[in-house]
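The structure under discussion appears below in the form of structure tokens.
The values are calculated or read from the model by the stated rules, or taken from the named source; none is laboratory data. Keep in mind that this is a model prediction, so the values were computed, not measured. Here the Cβ is made from the backbone with ideal geometry for all residues, glycine too, and neighbour counts use every protein chain on show.
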Amino acid sequence: TALRSFIEGMPKTELHLHIEGTLEPELMFALAQRNNIKLPYDSVEALRAAYDFSDLQSFLDLYYAGANVLQTEQDFYDMTAAYIKRAQADQVRHAEIFFDPQTHTERGISIATVFAGIAGALRDARRTDGFGGAMIMSFLRHLSEEEAFDTLEQALPLRDQYQDLWNGIGLDSSERGNPPEKFQRVFARCKALGFHLVAHAGEEGPPEYVIGALDLLHVERIDHGVRSEEDPALMQRLAQQRIPLTVCPLSNLKLCVVKDMAQHNLARLLDAGLAVTVNSDDPAYFGGYMTANYLAVAEALTMSREQVLTVARNGIEACFLNDEEKATLM
Ligand code: HPA
Ligand code: ZN
């Protein structure tokens, strides 16, 4: 259709993407073999068939298990390079990428290995294709704030070496029972250090977690945030302050945040004046990259070309580039 080709060709930004969530089953098996790791699945097909989630936690269990195949700098490089190639096919020009060092340091992988592999691929893509990248180091909220501080201390000596990429701090993993205030002190430290701040909130958790992320963590964007709709005063504030929501339609569907795509609230959030963006979250697990996410939601909600373009423009407005750099993405 005309809308399909419009979406396919439209330049895009990606602001909510977990690099560990781009590990496709084929690459997972290849890395398992390279590293002599035995996966609890016989085949790529059997692994894919297990991607049938009932909620966030049921996904996270497989996502953390899958990350075990990542051992060397080359593994992180290969995963990131594969993502960039796939993103470029979807006309993504700039991606601000989450990574979860704790998923790896807990297994004895050094944080330097994680940084080097991801940054290596982003720098090569910048040099050869002009692909824009940034790295947002995310804390796992099911772990303690002390462990987050620990991770920050391990990463800070690398800051100079990666200052061209590492510009942000995020918060992800199991939302319910791990409210933003649990990380108030470590986010204050990251703010003082001059990092951009974002946090997952209002995916499965209540609107209060979105308010907490804004008022206690001082984040600049909310990752997901779809449950903000339950609080009219919060909706007004998000619209007035143009606080971006990085919404992930296929993720919301696969993790049963919405029953079917026709019930997704993205168009309502947009109509209410919020700075809504579309993103892919963990595309290897949720069945689609950027174009698929735009298409799924635009078709289910019969969005107009103008609405789709507004979402894409919101993505440029919301990214952590200066105005001059943003202008090159228009
Ligand atoms: N929510 C919380 N944690 C995550 C997600 C998500 O969508 N993806 C990867 N880690
Ligand atoms: Zn996410």
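In the set GLU8, GLU20, GLU96, GLU14, which member is away from ligand 2 (no atom under 16 Å from the Cβ), of a type in the set (D, E, K, R) and out of contact with any Lys or Arg (no Cβ under 8 Å at 6 or more places or on another chain)? Full working, then the answer.
Values: GLU20 fails: away from ligand 2 (no atom under 16 Å from the Cβ); GLU96 fails: away from ligand 2 (no atom under 16 Å from the Cβ); GLU14 fails: away from ligand 2 (no atom under 16 Å from the Cβ).
Just a single option satisfies the conditions, and that option is GLU8.
In segment 1-40, which residue that is surrounded by 17 or more Cβ atoms within 10 Å (Cβ to Cβ) and part of a loop (DSSP other than H, G, I, E, B) is nearest to ligand 1 (Cβ to nearest atom)?
LEU23
Where the second residue is more than 16 Å from ligand 1 (Cβ to nearest atom) and the first is among the aromatic types (Phe, Trp, Tyr) and lies in segment 1-30, which pairs have Cβ atoms under 6 Å and are six or more apart or on separate chains?
Between residues of segment 1-30 that are among the aromatic types (Phe, Trp, Tyr) and residues that are more than 16 Å from ligand 1 (Cβ to nearest atom), the close pairs are PHE6/ARG305; PHE29/VAL44.
The rows are residues; the columns are (1) assigned to a loop (DSSP other than H, G, I, E, B); (2) within 22 Å of ALA199 (Cβ to Cβ); (3) more than 14 Å from ligand 1 (Cβ to nearest atom).
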position: LEU62; (1), (2), (3): no, no, no
position: PHE76; (1), (2), (3): no, no, yes
position: GLU96; (1), (2), (3): no, yes, yes
position: GLY108; (1), (2), (3): yes, no, yes
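Please determine whether any residue of segment 174-193 is touching a Pro at 6+ places or on another chain (Cβ under 7 Å), in contact (Cβ under 8 Å) with a residue 24 or more places away in the chain, more than 16 Å from ligand 2 (Cβ to nearest atom) and not β-branched (Val, Ile, Thr). Spell out how you get there, then give the answer.
The first filter runs over segment 174-193 and keeps only residues touching a Pro at 6+ places or on another chain (Cβ under 7 Å), leaving none.
Scanning segment 174-193, I find no residue that is touching a Pro at 6+ places or on another chain (Cβ under 7 Å), in contact (Cβ under 8 Å) with a residue 24 or more places away in the chain, more than 16 Å from ligand 2 (Cβ to nearest atom) and not β-branched (Val, Ile, Thr), so the answer is no.
Mind checking whether some residue in segment 194-208 is surrounded by fewer than 21 Cβ atoms within 10 Å (Cβ to Cβ), away from ligand 1 (no atom under 16 Å from the Cβ), touching a residue at least 40 places away in the same chain (Cβ under 8 Å) and not polar (S, T, N, Q)?
Yes; the residues of segment 194-208 include at least one that is surrounded by fewer than 21 Cβ atoms within 10 Å (Cβ to Cβ), away from ligand 1 (no atom under 16 Å from the Cβ), touching a residue at least 40 places away in the same chain (Cβ under 8 Å) and not polar (S, T, N, Q).
Residues that are within 19 Å of ALA95 (Cα to Cα): list the helices (runs of 4 or more DSSP H) wholly contained in segment 215-323 that include at least 1 such residues. Please lay out each step first, then the result.
Details: elements: 232-240, 249-254, 266-271, 283-286, 290-300, 305-318.
Where helices (runs of 4 or more DSSP H) fall fully within segment 215-323 and carry at least 1 residues being within 19 Å of ALA95 (Cα to Cα), they are 249-254, 283-286, 290-300, 305-318.
Looking at segment 251-268, I want the residues that are closer than 22 Å to SER173 by Cα and among the hydroxyl-bearing types (Ser, Thr, Tyr) and have a partner that is within 16 Å of ligand 2 (Cβ to nearest atom) and part of a helix (DSSP H, G or I) with Cβ atoms under 7 Å, at least 6 apart or on another chain. Which pairs are those?
SER251/PHE286
Determine whether SER54 is away from ligand 2 (no atom under 16 Å from the Cβ), more than 15 Å from THR22 (Cα to Cα) and either out of contact with any helix residue (DSSP H, G or I) (no Cβ under 8 Å at 6 or more places or on another chain) or modelled with pLDDT of 95 or more (or both).
Working: away from ligand 2 (no atom under 16 Å from the Cβ): yes; more than 15 Å from THR22 (Cα to Cα): yes; either out of contact with any helix residue (DSSP H, G or I) (no Cβ under 8 Å at 6 or more places or on another chain) or modelled with pLDDT of 95 or more (or both): yes.
So SER54 fits the description; yes.
Please specify each residue of segment 81-126 satisfying the condition of being among the polar types (S, T, N, Q) and over 20 Å from ALA67 (Cβ atoms).
Of everything in segment 81-126, those that are among the polar types (S, T, N, Q) and over 20 Å from ALA67 (Cβ atoms) turn out to be GLN88, GLN91.
Here are some conditions: (1) buried (at least 16 other Cβ atoms within 10 Å of the Cβ); (2) more than 16 Å from ligand 1 (Cβ to nearest atom); (3) more than 17 Å from the chain's Cα centre (by Cα). ALA262 meets all but one. Which one does it not meet?
With (1) buried (at least 16 other Cβ atoms within 10 Å of the Cβ); (2) more than 16 Å from ligand 1 (Cβ to nearest atom); (3) more than 17 Å from the chain's Cα centre (by Cα) applied to ALA262, the lone miss is (1).
Tell me which residues, restricted to segment 115-130, are touching a helix residue (DSSP H, G or I) at 6+ places or on another chain (Cβ under 8 Å), surrounded by fewer than 20 Cβ atoms within 10 Å (Cβ to Cβ) and over 22 Å from THR151 (Cα atoms).
Going through segment 115-130, the residues touching a helix residue (DSSP H, G or I) at 6+ places or on another chain (Cβ under 8 Å) turn out to be 115-118, 120-122, 124-125, 129.
Within this subset, residues satisfying the condition of being surrounded by fewer than 20 Cβ atoms within 10 Å (Cβ to Cβ) are 116, 120, 124, 129.
Within segment 115-130, ASP124, ASP129 qualify.
Which residues, taken from segment 86-138, are among the charged types (D, E, K, R), under 13 Å from the mean Cα position of the chain (by Cα) and closer than 15 Å to ASN279 by Cα?
GLU96
Just to verify a result, which residue in segment 214-244, among those that are hydrophobic (A, V, I, L, M, F, W, C) and under 18 Å from ASP172 (Cα atoms), is farthest from ligand 2 (Cβ to nearest atom)? So that I can check it myself, show each step before the final result.
Going through segment 214-244, the residues hydrophobic (A, V, I, L, M, F, W, C) turn out to be 214, 216-217, 219, 222, 226, 233-235, 238-239, 243.
This time we only want the ones that are under 18 Å from ASP172 (Cα atoms), so: 214, 216-217, 219, 222, 226.
On the way: LEU214: 18, LEU216: 20, LEU217: 16, VAL219: 14, ILE222: 11, VAL226: 12 Å.
My answer is LEU216.
Quick one: would you say SER228 is surrounded by 15 or more Cβ atoms within 10 Å (Cβ to Cβ), closer than 16 Å to ALA318 by Cβ, within 16 Å of ligand 1 (Cβ to nearest atom) and of a type in the set (S, T, N, Q)?
Working: surrounded by 15 or more Cβ atoms within 10 Å (Cβ to Cβ): yes; closer than 16 Å to ALA318 by Cβ: yes; within 16 Å of ligand 1 (Cβ to nearest atom): yes; of a type in the set (S, T, N, Q): yes.
Yes; evaluated as a whole, the condition is true for this residue.
Considering (1) buried (at least 17 other Cβ atoms within 10 Å of the Cβ); (2) away from ligand 1 (no atom under 16 Å from the Cβ); (3) not in a loop (DSSP other than H, G, I, E, B), say which one GLY212 fails and leave the rest.
(2)
Cβ-Cβ distance below 6 Å, separation of 6 or more or different chains: which pairs start in segment 123-152 with a residue that is under 20 Å from GLU14 (Cα atoms) and end on one that is modelled with pLDDT under 95 and not hydrophobic (A, V, I, L, M, F, W, C)?
Nothing qualifies.
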